[in-house]
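Heads up, the thing below is written out as structure tokens.
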Amino acid sequence: MDKQDSHHNQALLPNQCGSSHSQTIDAPLPLVWSIIRQFDNPQAHKQFIKSCTMRAGDGGTAGSIREVIVSSGLPGSSSMERLDKLDDDKHVMNFSIVGGDHKLANYSSITTLHKEDEEEEKGGSEKTVVTQSYVVDVPAGSSKEDTCLFADTIVGCNLRSLAKVTEKMAGN
């Protein structure tokens, strides 16, 4: 098993759902990581976030807490999120939602980055593979399928937005 994949084996309780998504980005890993690691500035690559205010910590250390205001049209308007892990050497970020007015209770997300080896071997441009997995409680009155569909949609949009932003920065 790939070292990065071991981060994405989260156990699910009976009342939870979860998923894992990967996005290959035509940009070097250091550039992509420089955007992902900005816990204090998620709106740099997440299109559904209107603003972010740090409530505790500096955004670069575990235990930092941010309040994000989400765009209108989504269920809920704000989220309180805690940075659980930020490893600049292994390119791993883990955060949890700890409050807010939305349906994502006990949401925990792990994001890892690694270089795509195939393109470099072929002499192509450096690409980065971003993998994000999550676990979340299924709210009362909702199904696992509906909860995962909602979370999958947000994660997928965020990964595509990250690709667009970083590929543009890389000139691709």
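Descriptive notes on the structure:
- The calculated FRET efficiency for the pair His114 and Asn9, based on their C-beta separation and a Förster distance of 22 Å, comes to about 0.85.
- Put simply, when 138-144, 166-172 are sorted by average Cβ atoms within 10 angstrom per residue, most first, you get 166-172, 138-144.
- For the chain, a crude dipole built from +1 on the beta carbon of Lys and Arg and -1 on the beta carbon of Asp and Glu, taken about the Cα centre, is about 560 debye to the nearest 20.
- Note that the stretch 54-60 has calculated 3J(HN,Hα) couplings of 6, 9, 7, x, 10, x, x Hz, one per residue in order, obtained from phi through the Karplus relation 6.51 cos²θ - 1.76 cosθ + 1.60 (θ = phi - 60°); glycine and proline are x.
- Karplus-derived HN-Hα couplings along the stretch 141-153 (A = 6.51, B = -1.76, C = 1.60, θ = phi - 60°), whole Hz, x at Gly and Pro: x, 10, 9, 4, 4, 5, 5, 5, 4, 4, 5, 4, 4
- Each pair of Cα atoms in the chain enters the Kirkwood radius, and Stokes-Einstein at 20 °C and 1.002 mPa s then converts it into a translational diffusion coefficient of 129 µm²/s.
- Within the straight-line cut-off of under 18 Å between alpha carbons, the lysines reachable from Lys144 are Lys103, sequence neighbours fewer than 8 places apart in one chain being disregarded.
- Ranked by the mean number of other Cβ atoms within 10 Å of their residues, highest first, the peptides 106-115, 84-93 come out as 106-115, 84-93.
- For Lys127, the aspartates and glutamates whose Cα falls under 15 Å of its own Cα, not counting residues fewer than eight places away in the same chain, are Asp26, Glu116, Asp117, Glu118, Glu119, Glu167.
- If you run the Gaussian network model on the chain, springs between alpha carbon atoms under 10 Å, then out of Glu116, Glu81, Glu145 the most flexible one is Glu145.
- Here the calculated FRET efficiency for Gln47 and Asp146, from their Cβ-Cβ distance with R0 = 30 Å, stands at 0.85, rounded to the nearest 0.05.
- Cysteine residues of the chain whose Cβ has no partner cysteine Cβ closer than 4.7 Å: Cys52, Cys157.
- Dividing the summed -39500 (n - 2.57) terms of all DSSP H runs of n ≥ 4 by the residue count of the chain sets its mean residue ellipticity at 222 nm at -7000 deg cm²/dmol.
- Counting only protein heavy atoms and a probe of 1.4 Å, the accessible surface of the stretch 1-120 is 48% carbon and sulfur.
The values are calculated or read from the model by the stated rules, or taken from the named source; none is laboratory data. The structure presented is a predicted model; accordingly, all values stated were derived computationally and were not measured. Neighbour counts are summed over all protein chains in view; Cβ atoms, including those assigned to glycine, are modelled from backbone coordinates with ideal geometry. Side chains included, ligands, DNA and RNA excluded: accessible areas come from the protein's heavy atoms. Shrake-Rupley method; radii C 1.70, N 1.55, O 1.52, S 1.80 Å.
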